[in-house]
Amino acid sequence: MFISEIYHSRQGEGFLTGTPSVLVRTSGCNLRCGFCDTPFASWNPEGKRLTVPEILDAVGQAALVELPAMQRQSAGQNSSMNDFSAGGFGWTEEAAAADEPTRHVILTGGEPMMQRDIVELCRTLHAAKFHITMETAGTIEHELDCDLMSISPKLSNSDPEIGRAGEWLAKHREARHRPEVVGQLIQRHEYQLKFVVSQPSDLDEILAYLDAVGDFDPARVLLMPEGIRQHDLDQREQWLMPLCEQHGFKLCRRLHIAWYGNSRRT
Ligand code: SF4
C-alpha cells in the first residue's frame, strides 16, 4: 500500500472527537477537491510502499508514542471552543488522557478505499483488536471490517479551479457524486455523514444529496465548516449552528485546527 504517514494524535472531528488514535494516511485519491488540506496525499501524492504486516507493526509502535502537545491556538480566546461537548460529542480532555496507549486507528488519506490491500489491512487490524474508523469520500465500496464509517461526500463546493485542475475538473465532477455507494456503506456500518459546508446555500445541495441516499438517521449527519484557519471556522460556525438545529443535524467542529493549527502529523 502507498502510505504517506503513520502517527499518533487525537481524532479532531466527529463522534470520536478527542479520542487518542493512530492515523494511517494512505496516499492517492480519485478526487481533486479545491479545498483539500492534504494535497501531499491527493494532488501530489507522496509516500512509500508498505506491506500490511509493516503497517501493523508501525501502528503498534505509533500507539505507544506520546501524544503531541496541544497548542490551543484560539481555544482560550473563544469561549465556544472551550465547550468541547457543544458539538454533541461529549468529549473531555481528561477522558482522552486516560485512554493511552490507544486501540483506535483512523484510516484516512487521500482515499483509503482505493488502496488495493485495504480489505486485508482492515481484517488484520481488527484481528489485532484495533477499533477502525474509515475516513472516505464515499465513492468506492468494499465489504470490509470497520467500526465507524466516516463518510464525507463531496459537493459542488469541492470542485477545483479549472486553471489548477485541468483535465481533473471533469474527472472530479464525474467521480464525486455517488449517493448509491453512500447508501450501501451506511447500511453495512456504523456511520457518520460529514458534509463540508462553505456557504448557507450548500444546505439545498446537502438535502438533495440525502434524498438520493435514501434511508438515513439525521442525528448521524454532521455539518462541518470549511476552512483551515480558526477565524474562518469560527465565522462559519455562527450561521451553521442554527442550520444544524433547524434540520436535526450536528455541528462538526474541526478541533485539530484549534489544538494544533493546520500542520502535518497532528
Ligand atoms: S477526497 Fe479528501 S483527500 Fe481527496 S482531494 Fe478531496 S479532500 Fe483531498
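Annotations for the structure displayed:
- Prolate/oblate/rounded label for region 109-266 (Cα gyration tensor, a/c 1.5): rounded
- Put simply, the Cα atoms of the chain extend 46, 44, 37 Å along their principal axes, the longest span coming first.
- Selection from 252, 41, 112, by position along the positive dipole direction of the chain (Cβ): 41
- Virtual spin-label span in nm between residue 180 and residue 245, 7 Å along Cα→Cβ: 4.0 nm
- Residues whose amide H lies under 5 Å from that of residue 251, counting only those 5 or more places away or on a different chain, are 223; hydrogens are built 1.01 Å from N in the peptide plane.
- Sparsely packed GluC sites (Glu not before Pro) within region 164-207, loop by DSSP, other Cβ within 10 Å at most 14: 167, 190
- Mean Cβ count within 10 Å, highest first, over the residues of peptides 255-266, 43-54: 255-266, 43-54
- Gain upon complete extension [residue 57, residue 215; 0.36 nm per residue less C-alpha separation]: 53.0 nm
- Hits among aspartates and glutamates - C-alpha to C-alpha of residue 250 under 12 Å, sequence gap 8 or more where chains match: 13, 217, 237
Every number in this text was worked out from the coordinates using simple rules, so none of it is lab data. Remember, it's a predicted structure, so these values are computed and weren't measured experimentally. Note that each Cβ is placed from the backbone with ideal geometry, even for glycine, and that neighbours are counted across all protein chains shown.
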